[in-house]
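Bear in mind that the values in this text are calculations on the coordinates, not laboratory data. Because the structure is a prediction, the values reported are computed rather than measured. Heads up, the Cβs are rebuilt from the backbone with ideal geometry, glycines too, and the neighbour counts pull from every protein chain shown.
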Amino acid sequence: VAGAAVLAVLGAVLAHVGTAHRVTLVEDGVERTISTHAATVAGALRGAGVQLAAEDFVQPAADTSLRGLDRIEHRRAQPVLIQTPDDSRWVTTAAVSPADILAAAEVRLYPADRVWADGMPVTSPTSALEHVPDRLRLERGRSLTLSQPTGTILIHSSASTLGEALIEAGYDLRRGDSIVPQAQTTLA
């Protein structure tokens, strides 16, 4: 009887140890290794003390089996102030690309629009930033008809002056160039 009890306890211990799974958890950019007996990503996160919010980013998805996984990425959602020419609003998101943050706020982004993240101009709104910004500012682009000796074309810009819009469109402006209205003319 005693031998059977020892074997049962030993079997339970081995089963417990055998179901342990080591996973690298990258949480808001910080890596740590966790050991879990959970069957899913959500269970492993819960066991590690992580409370998931609906807006959080989790890769792979929370309902994914841990079988064969060795890495989980989790980024907490944060409030971001979105400022557009029409209004200001808050959105809670874990997205790190300005385009995705604006989409989460249901704000459309057009090719000629300009975006600033925390006061700094964003060169590529679809590229990921280092972190979720506190504030995004959006300036809408405009369509301009440009008449030149070779014909008329349409350019799109969110520049503040005509000269900036022409430079943005790839024109090399020189002192002797004739521009009507003047290059300093605001596009507003």
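What the table below lists for this structure:
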quantity: Nonlocal amide H pairs with residue 28, under 5 Å, H built at 1.01 Å; calculated: 74, 75, 76
quantity: Listed residue (58, 33, 162) projecting farthest to the positive dipole end of the chain, Cβ model; calculated: 33
quantity: Rounded tilt (10° steps) of 2-18 against the dominant C-alpha axis of the chain; calculated: 10 degrees
quantity: Estimated dipole of the chain in Debye, rounded to 20 [Cβ of Lys and Arg +1, of Asp and Glu -1, Cα centre]; calculated: 220 debye
quantity: Mean residue ellipticity (222 nm) of the chain, computed from DSSP H runs ≥ 4 via -39,500 (n - 2.57), nearest 500; calculated: -6000 deg cm²/dmol
quantity: Residue of 177, 63, 100 that the Gaussian network model of the chain assigns the largest fluctuation, springs spanning Cα pairs under 10 Å; calculated: 177
quantity: Residue of 154, 81, 45 that the Gaussian network model of the chain assigns the largest fluctuation, springs spanning Cα pairs under 10 Å; calculated: 154
quantity: Whole-number percent relative contact order across the chain, with pairs defined as alpha carbons under 8 Å at least 6 apart; calculated: 13 percent
quantity: Cleavage-rule hits, trypsin sites (Lys or Arg not before Pro), segment 89-176, DSSP coil, Cβ neighbours within 10 Å at most 13; calculated: 108, 174, 175
quantity: Among 111, 125, 79: highest mean-square fluctuation, GNM of the chain, C-alpha pairs under 10 Å; calculated: 111
quantity: Longest DSSP-loop-exposure-free segment, GluC sites (Glu not before Pro), the chain, at most 16 other Cβ within 10 Å; calculated: 131-188
